[in-house]
Every structure is written in structure tokens, then in C-alpha cells.
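Asks: Here it is, the structure, as C-alpha cells.
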Amino acid sequence: MAGKADPSVRRTLVSCSFLLLIFVLLFCAPPVQAQSFRARISALIDKSPVAILILDPEARLIIAANNAASRFYGWPNTRLINMPMTELNPMSVAQIEEEIGKIEAGTANDFLFPHRFADGSIHTVHVTSWPVRIANRDLLMSLVASPQSQPKIDDGVESYSSNLEDAIENKAQQLELTNNLLTLTMISAIAILAIIVLILARNMVRNRRLAKQLGQQHLLLRVVIDAIPDQIYFKRNDGTMAACNQAAADFVGMPSETIVGKRDREIFGDLNNTLLSQQIFSKVENQDKLINEANVVNPAGREYTLEMIKAPVTDTTGERLGSVSVWRDITERRTNEARIEMLAYYDPLTQLANRVKAIELLSAYLSAHRERGQFIALAVVDLDNFSGVNSIFGHDVADQLLITAANRLKDMVAGNGFVARLSSDAFLVVMTALGHDYDEAQTQAEQIVDALQSRISGKAILSGRHISTSACIGAVLISPEASDPGEFLKRADLAMHAAKNKGRGSVSWFTSDMVHSVVENFEVESLLERALNQDMFRLFLQPKVCQRGAARHFEVLLRIEHEERGIISPEEFIDIAESTGMILPIGTWILEEAARLLSQHQDLHVSVNVSVQQLLQENFVRDLACILQSYRFDPSHLTLEMTESLMIANFDLALAQLHDIRALNVRLSIDDFGTGYSALIYLKQLPLDELKIDKTFIAGIPHEANATSLVEFIIAMARHLNLIVVAEGVETEEQVKWLRSRGCDCLQGFLFGKPQRATDYLDELN
């Protein structure tokens with residue numbers, strides 16, 4: 001039939017068309033794996049949940065970034081790739097080159113950098129970088145995270161393992177498809193041998209490329225894992241070790257290739273450490289995760305503090321492949337934390353809790369005893385004359401005294417409370433578990449405080465010296481419902497000050513009257529300020545009767561003239577003046593008024609009391625010289641009286657000050673001699689002119705043997721030192737006769753006249 005082709009011709013045309021189609025498919029279609037260099041790198045890192053950047057250090061460009069990096073910065077991958085480093089990192093080029101140099105030299109790989117995000121904001125990010133070599137190119141791989149949420153190493157490893165398995169499976173499927181295509185091609189076109197050879201050759205090239213890519217992925221994963229400083233162990237389901245990183249090999253003390261294939265006990269042996277054994281030998285279920293922190297010892301015998309995480313490894317189908325363990329060495333971190341805590345919360349000398357830690361512990365004790373309904377007691381222990389020990393024997397002996405006192409207190413309350421150091425010589429003792437009944441708790445607490453007083457008052461041998469210690473203790477009992485530790489600490493402190501007012505070695509328990517005393521002290525302090533500002537101070541004089549010469553001798557005394565209360569004596573305000581430091585301006589006022597008096601009455605001789613605080617002021621001698629120059633009188637008519645405590649406050653400074661005062665021709669006297677802490681070796685070195693025997697000794701003469709012996713000794717000693725002797729508190733003619741017969745130079749007391757206003761005495765004399 002016309003128009004129809006011969007069947008043989010049609011078969012030939014179909015065969016040629018089929019062969020032409022195969023040729024086009026094989027030689028004109030692009031290869032399946034013909035990816036660019038950057039695309040191959042991206043394929044390695046895209047599935048990582050951690051933001052990863054691949055950097056070219058020579059070009060200073062980002063050549064690859066995964067999807068996690070795109071999400072992290074807010075830029076699409078196309079924007080990140082080929083982005084200059086300086087656009088992401090606003091640091092200077094020199095700084096960036098310096099940090100890259102550290103990475104390439106291997107001296108650092110952990111950094112905090114400012115990075116610019118897609119919205120224009122700049123944030124600090126945590127970057128871990130290391131050099132890698134991919135396709136004969138030296139590149140940098142960087143893991144990026146925010147400092148507050150650093151990526152978990154074990155999660156990253158799990159993702160990489162999953163990515164690697166996916167890549168292998170995908171390539172295997174591609175190989176299977178290729179083989180099927182080859183089989184079909186061989187069956188369909190067995191006559192076209194040349195084309196088949198070309199197809200086979202092309203597949204071989206593609207397989208070699210795939211193998212190379214897989215090898216590069218494996219190498220990259222190996223580099224990443226070895227660069228991590230934490231120990232990482234991969235274990236198969238059968239209990240053998242599949243892989244580990246270099247940090248793990250260093251910890252175990254074996255090469256990593258030796259560890260692979262071994263079981264746990266072959267590597268670690270039999271371990272006594274329970275937590276380490278749990279991490280190594282225990283099995284974890286598919287959804288379980290073990291997290292521990294403990295001090296452990298590695299097979300080499302070195303102790304570490306490790307933070308350990310163990311988790312299962314599963315494939316994409318959920319089938320368990322084994323487990324991974326990540327161990328982080330936090331030894332140095334925990335050591336530093338402990339050191340910082342010691343510095344912040346503990347006294348470095350005694351190792352006791354300091355005030356801040358004491359309040360924290362006390363608050364916890366109050367909370368616990370509130371639930372149990374039990375009483376607690378506090379005691380503030382203040383060492384007597386600690387400053388004297390410090391000045392006389394030096395800081396080393398004083399420090400030993402503090403350590404001894406701390407140990408004695410700790411021994412007394414071991415297991416039933418705690419001891420803290422509140423200040424230089426004050427300790428806090430907390431007594432717990434005193435029971436539920438108030439009377440029983442009070443009795444038990446008093447017994448403990450008495451025992452503390454007895455224990456702290458024992459003799460101590462410090463640097464070869466026998467030193468007797470004592471302390472004043474203030475205590476308070478706390479009911480179970482109490483909750484404010486600061487308030488009860490104040491009460492114990494008030495009780496301690498009340499004990500110190502009683503004298504050395506005293507004990508006081510808190511009472512509500514002590515609060516009133518604090519209020520009264522505040523009122524006295526306000527009165528002193530007003531007296532200075534409103535000219536309420538007055539000079540009073542009390543005569544001294546001296547055998548030598550006919551000069552008029554007086555002691556200057558201070559009073560406050562109050563509009564409502566009348567004349568107020570120093571007993572009511574002098575202690576507050578000294579404790580608040582107001583004694584300094586008051587002392588200056590007295591000296592100026594006494595100098596004015598001497599300048600107006602040239603035949604007078606007056607004695608003025610000077611506090612230790614005032615005399616040890618650096619500018620005291622200079623101010624005294626200015627007063628002498630302003631008010632013209634004979635300086636020898638002025639005598640400065642000071643207490644014996646001057647000798648232990650700061651002897652070297654006091655001695656220098658007294659010599660400078662003596663150079664001004666001003667006379668010096670020790671007041672209330674015999675009641676303080678005088679040491680004859682110090683007394684001999686001082687440039688003194690007189691001694692005043694305290695009235696407590698004069699009251700006992702001539703009938704009390706101890707008083708008479710002591711006064712006779714003081715007079716004899718003064719004669720030996722060529723000092724004038726003044727007796728205070730003389731009230732009877734019998735005392736006058738006895739003192740005169742012993743050679744006492746001057747007498748002072750109510751027998752000769754009570755303190756009166758200076759104007760009254762001077763008017764009488766005129």
C-alpha cells in the first residue's frame with residue numbers, strides 16, 4: 001500500500017532512535033554527582049544542628065555554611081557564601097589575622113567574638129575553630145553558638161553519625177540504580193559494545209569520586225572529634241569500643257587504634273569508683289541518658305573532676321547502634337570555684353566562716369529549727385586586750401592567739417552548731433539543738449557559754465610565750481519562731497558590749513534594757529554634738545596641794561551645762577565620746593581653754609587629761625605647738641595626763657610623740673597609775689615627770705595592808721625614777737599624814753576642795 005514504510009525499515013529506524021536516545025542520555029545529560037567544590041563541602045555539614053562555617057584563611061572569605069548557620073545569623077546560605085570575614089566580624093583586619101594565626105599555630109581554638117547578624121545587631125558568640133585540609137586546600141572549620149547555649153558535643157556527634165550513614169545509604173542506592181541501568185543497557189543494546197564500555201568507564205570514575213568524598217567526610221569527622229577537648233567514647237551494642245577521640249586516648253593512656261575493639265574492663269580494669277563504673281559499665285536504653293559529676297581516678301592514677309554524659313546512638317529508623325559517652329574535665333573549674341568561695345565566705349587565717357557566710361548559715365539553721373520547734377543560742381566572743389597582745393608581741397603571736405581561740409571554740413561546739421569570725425578579735429558561736437522547752441534551753445545554753453568562757457580563758461603557749469587569754473561573751477537565746485538572723489546577731493553584739501563594760505572575762509545575756517542603753521548612747525552622742533556647736537562645755541578645777549613651792553596647782557575637769565539637767569559630769573558622756581571619736585574635737589577645745597586660762601593667770605599650774613586617741617593623732621604635737629604659740633605662757637605650767645593604756649596602744653608611736661611633747665617643755669604625767677597594764681620596762685623609757693596614784697588604792701590606806709604596801713612600792717619606784725608622786729582621792733587627815741610621811745609630793749581630793757567652775761576658784765584666789 002502506498003504511503004506505508006517497509007516493516008524492516010521501520011524496525012531499523014526505531015533501533016537507531018533508541019540508540020540515539022541512550023547516547024544523548026549518557027553523554028549529554030549532566031553527571032549525577034558533578035557538584036562544585038563548595039557544594040560538596042555544604043553536603044558534609046548541612047545536616048549538622050550546630051552552626052558551621054568553612055573559611056578560606058587566605059582569601060578571608062566564607063566559602064561554605066550549613067543551614068544551622070543560616071538560621072543562626074538570619075541570612076540565606078547564598079548570602080553567607082563568599083561573604084568577607086570582616087563583614088561578619090566587626091573586629092579590625094589585624095585582630096582577625098592575629099586570631100587566625102593562633103588557630104593555624106594550634107595555640108588556641110576557643111574564642112568569644114562579636115558577630116553581626118542579619119538584622120544589623122551585633123552579639124557576642126562562642127566560636128570553636130580548627131584548621132582542616134579538604135581537597136588539598138587548607139581551610140578553617142568554625143562551630144558557632146551563643147555563649148549561653150553552647151552546642152552539646154554529644155548531640156553534634158550523633159547528628160554527624162546519622163549524616164554519614166544517610167550518605168552511605170543514598171550512594172548505595174545510586175549504585176544499585178546504576179547497575180540496574182547497566183544491566184538493562186546490556187540486555188537492550190548488547191550490540192553497542194563501545195557505548196557500554198563508555199558507560200562502564202563513566203560509572204567507575206563516578207564510584208571513585210564517591211569513595212573520595214566519603215573518605216573526605218570521614219577525615220573531616222575525625223578532625224572534628226579529635227579537636228574537641230572533651231573525652232568522647234563510641235561503643236557498639238556488643239560492648240566493644242567502636243571509636244574514641246584523642247582526649248579519651250590521653251585519659252586512658254593508650255593509642256586510639258589500640259582502644260578500638262576492646263571491652264571496658266580491658267581498658268579500665270576493675271574500678272572502685274562507683275560513678276565511673278556506672279558511666280563505663282552500665283547500659284543505657286534507647287531513650288535514657290546518664291548525667292553525673294564526680295572525682296575519678298584514671299588508669300594512670302591521676303585524679304580528675306569529670307562531668308560525664310552517656311546517651312544511646314540510634315539511626316534514622318530508631319534502631320540502636322550503640323552508645324556515646326562524653327566526659328568533660330572540670331577539675332580546674334571546680335578548684336577555682338572552691339578557691340573563690342573560700343576567699344568570699346571564709347576567713348583565711350582561722351578557716352572559719354566570715355560574717356557573710358555566718359549570716360547565711362544562721363538563716364539556714366533558723367529555718368531548720370523553726371520546722372523542728374527547737375531553740376538556738378548565739379554567743380559573740382570578744383577577746384580581751386587583743387590589741388595589747390598585737391602591739392606588745394607582734395602580729396605573728398596575735399595571729400596564733402586567734403587560731404588557738406578559734407580551735408578551742410570549734411572543739412566546744414563540734415557537731416552542735418558552728419563558729420565564725422566576725423571581726424579581728426570577735427567570734428560568733430551558734431549553739432543548736434537546745435530542745436523545745438524555754439527553761440531547759442536557757443539552762444543548757446548557759447552551761448555551754450560558761451564552758452566556752454572557761455575554755456577560752458586557758459593559758460596558751462605562743463612562740464614560746466605563756467599568754468593568758470580571756471574574753472567577754474554576749475549571748476542571746478532564740479525562740480523557734482524567729483526568722484531574722486541579723487536582728488539576733490545585733491542582740492548578741494549588744495550583750496557582748498554590756499559584758500565588756502563589766503570588765504575582763506565577763507558574760508552577759510541579752511535583755512531589753514540593752515536596747516534602751518543603745519538609745520541612751522545615741523542621745524548622749526547627740527548631746528555632745530550640740531554641746532560642741534552651742535558652747536555648752538564648761539571648765540571645772542580641782543586643787544592639788546603640793547609641798548614644793550607656793551604655786552597654785554589645779555586639775556582641769558570637763559562638764560556640760562544643760563539647760564534642763566544642769567551640770568552633767570564626764571561619767572555620763574566620756575565613754576561615748578571616746579567610742580565615737582568625738583573625744584578629738586572635745587580634747588582640742590579643752591587644751592585651748594586651758595591655754596587661755598594659763599595665759600590670763602601666769603602663776604597657775606594646770607593638769608589636763610589627754611585621751612590615747614588624741615595623743616596618738618599624727619598632728620597632735622603640731623597642734624599643741626600652735627596652741628603654745630597662740631597663748632603666751634610658760635609651757636612647764638601645763639601638764640598632760642594620760643592613762644597607762646597608752647603604753648599598749650602603740651608604744652613606739654607613743655614614745656616618739658611623748659619625746660616631741662617633752663621637747664616643747666610641757667610636763668607629762670601617768671594618770672590612775674596601777675589600774676592598767678603598766679610594764680616597768682616601758683615606764684622607764686617614757687619621758688615622764690609625775691605619777692598619779694589611783695584613788696582606789698588611796699582609799700585603803702593606812703589600814704589595808706595590801707593598799708599600803710602597793711602605795712609604798714609606787715612611791716619608792718617613783719623616787720627611783722625621779723618622778724613626782726600625786727595621790728588622788730585624799731579625804732581624811734589620817735591619809736594626809738600617812739602620805740606625807742612616805743614622801744608623797746602632791747595630794748588631791750575632796751578634803752582640799754571639790755571640783756568647781758574655774759571662775760569660782762580664780763575669783764576666790766584673787
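The values are calculated or read from the model by the stated rules, or taken from the named source; none is laboratory data. Keep in mind the model is a prediction, meaning the values are calculated, not measured. No Cβ is skipped: glycine too gets one built from the backbone with ideal geometry, and neighbour counts run over all protein chains shown. In case anyone asks, the SASA skips ligands and DNA or RNA and just uses the protein heavy atoms, side chains included. Shrake-Rupley method; radii C 1.70, N 1.55, O 1.52, S 1.80 Å.
Asks: Mind grabbing the accessible area of THR335 for me, 1.4 Å probe, Å², rounded to tens?
Replies: Its accessible surface works out to 60 Å², give or take rounding.
Asks: What ranking of HIS395, HIS369, HIS720 comes out by heavy-atom accessible area, probe 1.4 Å, highest first?
Replies: The ordering from most to least exposed comes out as HIS720, HIS395, HIS369.
Asks: Give, as a single signed number, the net charge of other residues whose beta carbon lies under 13 Å from the beta carbon of VAL519, with Lys and Arg counted +1 and Asp and Glu -1.
Replies: With Lys, Arg at +1 and Asp, Glu at -1, the net is -4.
Asks: May I ask you to derive the FRET efficiency for ALA699 and ARG622 from their Cβ-Cβ distance with R0 = 60 Å, giving the value to the nearest 0.05?
Replies: According to the calculation, E is roughly 0.90.
Asks: Eigenvalues of the Cα gyration tensor times 5, then square-rooted: what semi-axes does that give for the range 315-434, in whole angstrom, largest first? Mind showing how you got there, number by number?
Replies: On the way: eigenvalues 362, 107, 21 Å².
Gyration-tensor ellipsoid for the range 315-434: 43, 23, 10 Å.
Asks: Take the Cα gyration tensor of the range 696-756, multiply each eigenvalue by 5, square-root it, and list the three semi-axes largest first, rounded to whole angstrom.
Replies: Output for the range 696-756: semi-axes of 19, 14, 9 Å.
Asks: Quick query: amide H of ARG559 versus all other amide H atoms, modeled in the peptide plane; which residues come in under 5 Å with a sequence gap of 5 or more or a different chain?
Replies: Long-range HN contacts for ARG559: ARG538, PHE540.
Asks: Largest first and to the nearest Å, give the Cα extent of the range 286-380 along each principal axis.
Replies: 67, 37, 20 Å, listed from the longest principal axis down.
Asks: To continue, here is another question. Can you sort VAL397, VAL197 by solvent-accessible area, 1.4 Å probe, largest first?
Replies: Largest accessible area first, the list is VAL197, VAL397.
Asks: A further question follows. Fully extended, how many nm does the chain gain between GLU525 and VAL260 (0.36 nm per residue separation, minus their Cα-Cα distance)?
Replies: 87.3 nm
Asks: Across the range 232-239, in residue order, what do the Karplus-derived ³J(HN,Hα) couplings come to in whole Hz, using 6.51 cos²θ - 1.76 cosθ + 1.60 with θ = phi - 60° and x for Gly and Pro?
Replies: Ordered by residue, 3J(HN,Hα) equals 10, 10, 10, 10, 6, 5, 7, x Hz.
Asks: Now for a separate question. Could you give each residue of the range 552-568 its phi-based ³J(HN,Hα) in whole Hz, using Karplus coefficients 6.51, -1.76, 1.60 with θ = phi - 60°, and x for Gly or Pro?
Replies: Couplings: 8, 10, 9, 9, 7, 10, 10, 9, 10, 9, 9, 5, 10, 8, x, 7, 10 Hz.
Asks: How many percent of the accessible area of the range 389-510 is carbon or sulfur, using a 1.4 Å probe?
Replies: Heavy-atom surface of the range 389-510 belonging to carbon and sulfur, 1.4 Å probe: 46 percent.
Asks: Tabulate in residue order the Karplus-calculated ³J(HN,Hα) for the range 478-486, using 6.51 cos²θ - 1.76 cosθ + 1.60 with θ = phi - 60°, rounded to whole Hz; enter x for Gly and Pro.
Replies: Values per residue, Gly and Pro as x: 10, 6, x, 7, 5, 9, 9, x, x Hz.
Asks: While we're here: Taking a 1.4 Å probe, which of MET204, MET254 shows the most accessible area, and what order do the others take after it?
Replies: MET204, MET254
Asks: With every protein chain kept in place and ligands, DNA and RNA left out, what is the accessible area per residue of the range 576-727? Probe 1.4 Å, answer in Å².
Replies: For the range 576-727, the per-residue accessible area is 44 Å².
Asks: Next question, about the same structure. Residues of the range 50-75 with backbone nitrogen within less than 11 Å of a virtual label 7 Å along the Cα-to-Cβ line of GLN95, please, listed as ranges.
Replies: Flagged as within label range: none.
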